[in-house]
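Presented below is the structure to which this report refers.
The values are calculated or read from the model by the stated rules, or taken from the named source; none is laboratory data. Owing to the predicted nature of the structure, the values given are computational and were not obtained by experimental measurement. Here the Cβ positions follow ideal geometry from the backbone for every residue, glycine too, while neighbour counts run over all protein chains shown.
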Amino acid sequence: MRRMPLSADTAVKLAKHLNVPLEHLMHMPQHILLQKLAEMAKAEAAQLAKGQVPEQPAGDEKKPEGDG
């Protein structure tokens, strides 16, 4: 079975959401991975509906331009 193609950002975000090491996530069966991705998306949608900003993985912070 092929591994599911995930971007690095998505993999890190999902591993943080599930509180599992990234290595475990990469060996997770595809049907479970899809289920967990759907759960994460649903949780983020609920946060957005409440007006909360979903958490960003570390390293995704953008620096304002002109500081340098």
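Name the single residue that is farthest from A43 (Cα to Cα) among those in segment 10-32 being β-branched (V, I, T) and under 11 Å from the mean Cα position of the chain (by Cα).
Step by step, filter segment 10-32, then rank; the result is V12.
For K16, all conditions in the list (1) surrounded by fewer than 12 Cβ atoms within 10 Å (Cβ to Cβ); (2) basic (K, R); (3) at pLDDT 90 or above hold save one; what is the number of the exception?
Tallying (1) surrounded by fewer than 12 Cβ atoms within 10 Å (Cβ to Cβ); (2) basic (K, R); (3) at pLDDT 90 or above, K16 fails exactly one: (1).
Do any residues in segment 4-20 that are in contact (Cβ under 8 Å) with a residue 40 or more places away in the chain have Cβ atoms under 8 Å from those of residues that are surrounded by 15 or more Cβ atoms within 10 Å (Cβ to Cβ), where the two are at least six apart or on different chains, and which pairs are they?
Partner pairs satisfying both residue conditions: D9/P57; V12/P57; K13/M40; K13/P57; K16/P57.
Quick test of your reading of the structure: V20 fulfils all but one of (1) among the β-branched types (V, I, T); (2) assigned to a loop (DSSP other than H, G, I, E, B); (3) touching a helix residue (DSSP H, G or I) at 6+ places or on another chain (Cβ under 8 Å). Name the failing condition by number.
Here V20 meets the rest and fails (3).
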